[in-house]
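Engineer: Here it is, the structure, as structure tokens.
The values are calculated or read from the model by the stated rules, or taken from the named source; none is laboratory data. Keep in mind that this is a model prediction, so the values were computed, not measured. Here the Cβ positions follow ideal geometry from the backbone for every residue, glycine too, while neighbour counts run over all protein chains shown.
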Amino acid sequence: MDKLAAIHIQDCLFAYTPESPILHIPSFIVEAGTTVFLRGPSGSGKSTLLQLCTGMLIPQQGQISILGQTISTLSASARDRFRATHIGVVLQQFNLIDYLSVQDNIKLAQHFAKPEALDKHPDYLDELLKALHLSQNILQQKANALSVGQQQRVAILRALINRPKLLIVDEPTSALDEAAKTGFMEMLFRLQHLTDCTLLFVSHDMRLTQGFDQVIDLADINHIATSSMSTAHTGITTAKIKTAKGAQ
Amino acid sequence: MLFKVALESLKNRRSSVLLTIFALTISISLLLTVEHIRQQAKVSFTRTVSGVDLIVGPRTGSLNLLLFSVYHKGSVGSSMEYSTRALLSQNKNVEWTIPVSLGDTHRGFTVLGTTNDFFQHFKYGLNQPLQIVQGRAFAASNEAVLGATAAKKLGYRLLDGLVLSHGLGSVSFKQHTDFPFKVVGILAATGTPVDETVHIPLQGLAAAHGAKNHTQKSSFTKNIHADKHDHDDEHGHGHGEYHSSAEHQFSSIAPNPKYPLSQISATEPISAIHVGLTNPVAVLSLQQKINQNQEIPLSAILPGIVLNELWQLVSFIEHLLLGIAWLIVVSSCIGLATMLLASMRERTKEIAILRTLGAAPTRIFFLLQIEALGIVLTAILISLMSVTGMLFLLQNWLASTLGLYLTLNLFTLSTSLILLGILAVTCICTLIPAIRGYQDALTNRLQ
């Protein structure tokens, strides 16, 4: 395996149902320490690709290596542990558990990671708070008391709390206004630099590509042409049931 | 951490959680109460008589003999001659005998005619003897020794007077007013029917009955008058006249020489005889000898064995009650599972977040189990407190009306097992939402 690659996908084939494969990626490599903008509209298999990269799904064929670890061959619990420890994830929405305080949301991320991987540096949290323009007393607030912008910033903080080597961010700005978007992107880059992690940024908004080392279109690496949105959706619905059965 | 998430999640769904806790508390309280009363009833039932090897009475069913001679319940039926006692005492294995004669009451309390052998030999609980806490045993035939509850309820003190009523029941028109008794002793509480009994000497009972025959011969108006007089007497107690005079004589309760504890005539009827043996091994052969006696029709029973038989009869109802209580608990647990299952829809998002953070599906499973157990444990705690409180409030009422003597301590082995059982039922019922959560976690998709 190429130790330098943060993400290394080879001959990967994934299908929820055997008749309609979603992804076929002959090769996709994200070099460690780089920032990559992955463009893909919804329904293009982008979510599936992210779930493959985080080890929540495994491909029917091919290999997926994250940070030098072939995760497609790990056991389910090892994949969960690996994700908790080495990968930070920020989603479009629903990142925080509403009824928990910000502090508890952060602690939850630390709870599932390997204990030895936890950052023992006491200033790290302060550093993250400062970089994200968040005040100390936000820690005591309940997640549902925060504004959308604050929630997304806390989500970034939580994703980085275990000092992951890979940060996956999926449409994080879609709920933000223009001014907030710019600020958010600035903070993201600053933190990427600070923590020296690999950043995979997924969005359909081409205006945000500025500053990325690489801009990749999902359609270029996925050899299965995305058909119309509607069929893709029905495919996913039936697929959900199939995986549920298959996973048991 | 998982506990904290569970706690916060429950707090977030306060109203449905509180309702579920409420339903569970009611059902668990019911189960605990049924179980506690069941156990305690058994204990209080079996501790009434101890150290009595054999109960001998006129020929009758063994249950009936036990019920009236020990619990003072049921019909006394026929009686036997006092001479039977002497006959029994001749047997070399017999150590002591207690004659008992029943049939009269005093203001609703059973009157038991006996001899001082009763206070000397009768045992209850784990071979505990009776204790006279105030005064002394019989020295004259017009004296009475009261059980603890009887003394307390009637408000009698030493040297207070009382008259017997013929027959059972608290209202009786036939009062043995011509032969009044005087309280000379009060027994310590035992938690058995002894507490509710007025003990008088057999000689006194005979004298009262003799007087009764005399009264019956006189006119009906005299009876009415006698009843009224008695009532006035009691009224006087309330105003303390009697008490002040009684307190003067507290130090020396002299027996009245007018009523000596004379020899009891052989034909005086008695209801039963409690027998203690020197050699308990002889009990079966003696029982057989008595039951097969051709000359005098007698029954002899082993109280322990008949007590068990009696309990077998009651145990059907006891098990039925317990079964119903369990069903109610199970249905509450199913209610709990339903509540959790209904909450799963709004929690898919929460589960997705936990999965993204690296929570294994088994963690989601345990999260739901922890929540259910938390709810049930809370309900159990509230139940324990409320049942203890309820027992504390009802303790006296149960003792006086049902003769149930309950302890407040709920923590027995079988109660603990029941609580463990409830937790097990909870885990089983919660399997449904927990497995659902597990599957949701497996098929979870990033939005």
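Engineer: Kindly indicate whether A:S147 is of a type in the set (S, T, Y) and either farther than 26 Å from A:P41 by Cβ or in contact with a Leu (Cβ under 7 Å, 6 or more places away or on another chain) (or both).
Structural biologist: yes
Engineer: Same structure again: Regarding the stretch A:202-211, can at least one residue be identified that is of a type in the set (G, A, S) and touching a residue at least 40 places away in the same chain (Cβ under 8 Å)?
Structural biologist: Yes, the conditions are met somewhere in the stretch A:202-211.
Engineer: If I filter the stretch B:15-34 for residues that are within 20 Å of the chain's Cα centre (by Cα) and part of a loop (DSSP other than H, G, I, E, B), do I get at least one hit?
Structural biologist: Looking through the stretch B:15-34, none of the residues is within 20 Å of the chain's Cα centre (by Cα) and part of a loop (DSSP other than H, G, I, E, B).
Engineer: So which residues in the stretch A:31-47 are outside any loop (DSSP other than H, G, I, E, B) and within 12 Å of A:C197 (Cα to Cα), if there are any at all?
Structural biologist: A:E31, A:T35, A:V36 - these are the residues of the stretch A:31-47 that are outside any loop (DSSP other than H, G, I, E, B) and within 12 Å of A:C197 (Cα to Cα).
Engineer: While we're looking at this one, here's another question. Looking only at the stretch B:401-409, decide whether some residue is part of a helix (DSSP H, G or I) and either in contact with a Ser or Thr (Cβ under 7 Å, 6 or more places away or on another chain) or farther than 17 Å from B:R14 by Cα (or both).
Structural biologist: yes
Engineer: Quick check on my filter: what residues within the stretch B:369-398 are touching a Ser or Thr at 6+ places or on another chain (Cβ under 7 Å) and of a type in the set (A, V, I, L, M, F, W, C)?
Structural biologist: Correct list: B:A372, B:L373, B:I375, B:V376, B:A379, B:I382, B:V387.
Engineer: Which of the residues spanning the stretch A:2-17 are at negative phi and out of contact with any helix residue (DSSP H, G or I) (no Cβ under 9 Å at 6 or more places or on another chain)?
Structural biologist: Matches in the stretch A:2-17: A:D2, A:K3, A:L4, A:A5, A:A6, A:H8, A:Q10, A:L13.
Engineer: Take the stretch B:1-39 and flag every residue that is under 13 Å from B:I382 (Cβ atoms) and touching a Gly at 6+ places or on another chain (Cβ under 7 Å).
Structural biologist: Those that are under 13 Å from B:I382 (Cβ atoms) and touching a Gly at 6+ places or on another chain (Cβ under 7 Å): B:T20, B:A23.
Engineer: Which condition number in (1) more than 14 Å from chain A (Cβ to nearest Cβ); (2) in a helix (DSSP H, G or I); (3) not polar (S, T, N, Q) is the one that B:V52 fails?
Structural biologist: Going through (1) more than 14 Å from chain A (Cβ to nearest Cβ); (2) in a helix (DSSP H, G or I); (3) not polar (S, T, N, Q) one by one, B:V52 breaks only (2).
Engineer: Follow-up question, since we're still on this one. Residues in the stretch B:391-410: is at least one surrounded by fewer than 19 Cβ atoms within 10 Å (Cβ to Cβ) and within 19 Å of B:A434 (Cβ to Cβ)?
Structural biologist: No, the stretch B:391-410 contains no residue that is surrounded by fewer than 19 Cβ atoms within 10 Å (Cβ to Cβ) and within 19 Å of B:A434 (Cβ to Cβ).
Engineer: A further question on this structure: Among the numbered criteria (1) under 30 Å from A:L194 (Cβ atoms); (2) free of Cβ contacts under 8 Å to residues at least 60 places away in the same chain; (3) out of contact with any helix residue (DSSP H, G or I) (no Cβ under 9 Å at 6 or more places or on another chain), which single criterion is violated by A:Q61?
Structural biologist: Condition (1) is where A:Q61 drops out.
Engineer: Right, another one. Here are B:S386, B:S315, B:S331: which of them is at pLDDT below 90, under 35 Å from the mean Cα position of the chain (by Cα), assigned to a helix (DSSP H, G or I) and of a type in the set (G, A, S)?
Structural biologist: So the residue among B:S386, B:S315, B:S331 that is at pLDDT below 90, under 35 Å from the mean Cα position of the chain (by Cα), assigned to a helix (DSSP H, G or I) and of a type in the set (G, A, S) is B:S315.
Engineer: Here's another thing I want to ask about it. Looking at A:P115, A:P122 in this structure, which one is over 27 Å from A:I7 (Cα atoms), surrounded by fewer than 19 Cβ atoms within 10 Å (Cβ to Cβ) and at pLDDT below 90?
Structural biologist: A:P122
Engineer: Grab the helices (runs of 4 or more DSSP H) fully contained in the stretch A:55-148, keeping just those with 3 or more residues being touching a Gly at 6+ places or on another chain (Cβ under 7 Å), on the phi < 0 side of the Ramachandran plot and within 7 Å of chain B (Cβ to nearest Cβ).
Structural biologist: Result: A:76-86.
Engineer: Within the stretch A:45-52, identify whether any single residue is surrounded by fewer than 19 Cβ atoms within 10 Å (Cβ to Cβ) and either more than 10 Å from every other protein chain (Cβ to nearest Cβ) or in contact with a strand residue (DSSP E or B) (Cβ under 8 Å, 6 or more places away or on another chain) (or both), and answer yes or no.
Structural biologist: Scanning the stretch A:45-52 turns up no residue that is surrounded by fewer than 19 Cβ atoms within 10 Å (Cβ to Cβ) and either more than 10 Å from every other protein chain (Cβ to nearest Cβ) or in contact with a strand residue (DSSP E or B) (Cβ under 8 Å, 6 or more places away or on another chain) (or both).
Engineer: Select, from B:A342, B:A325, B:A352, B:A337, the only residue that is in a helix (DSSP H, G or I) and touching a Leu at 6+ places or on another chain (Cβ under 6 Å).
Structural biologist: It is B:A325.
Engineer: Also, I was wondering about something else. Residue pairs, Cβ under 6 Å, 6 or more apart or interchain, first in the stretch B:45-73 and surrounded by fewer than 20 Cβ atoms within 10 Å (Cβ to Cβ), second among the basic types (K, R). List them.
Structural biologist: B:S50/B:K123; B:G51/B:K123; B:L67/B:K73
Engineer: Identify the residue in the stretch A:158-209 that is of a type in the set (K, R) and part of a helix (DSSP H, G or I) and, among all such residues, is farthest from A:H86 (Cα to Cα).
Structural biologist: Checked the stretch A:158-209; the qualifying residue farthest from A:H86 (Cα to Cα) is A:R207.
Engineer: Would you confirm whether or not the stretch A:3-24 contains a residue that is part of a loop (DSSP other than H, G, I, E, B) and within 26 Å of A:Q210 (Cβ to Cβ)?
Structural biologist: yes
Engineer: If I go through the stretch B:343-362 residue by residue, how many of them are among the basic types (K, R), more than 8 Å from chain A (Cβ to nearest Cβ) and touching a residue at least 40 places away in the same chain (Cβ under 8 Å)?
Structural biologist: Total meeting the criteria: 1.
Engineer: Scanning the stretch B:7-21 for residues that are within 11 Å of another protein chain (Cβ to nearest Cβ) and touching a helix residue (DSSP H, G or I) at 6+ places or on another chain (Cβ under 9 Å), which turns out surrounded by the fewest Cβ atoms within 10 Å (Cβ to Cβ)?
Structural biologist: B:K11
Engineer: Give the residue, chosen from B:L367, B:L381, B:L417, B:L377, that is closer than 22 Å to A:F112 by Cα and in a helix (DSSP H, G or I).
Structural biologist: That would be B:L367, the only listed residue that is closer than 22 Å to A:F112 by Cα and in a helix (DSSP H, G or I).
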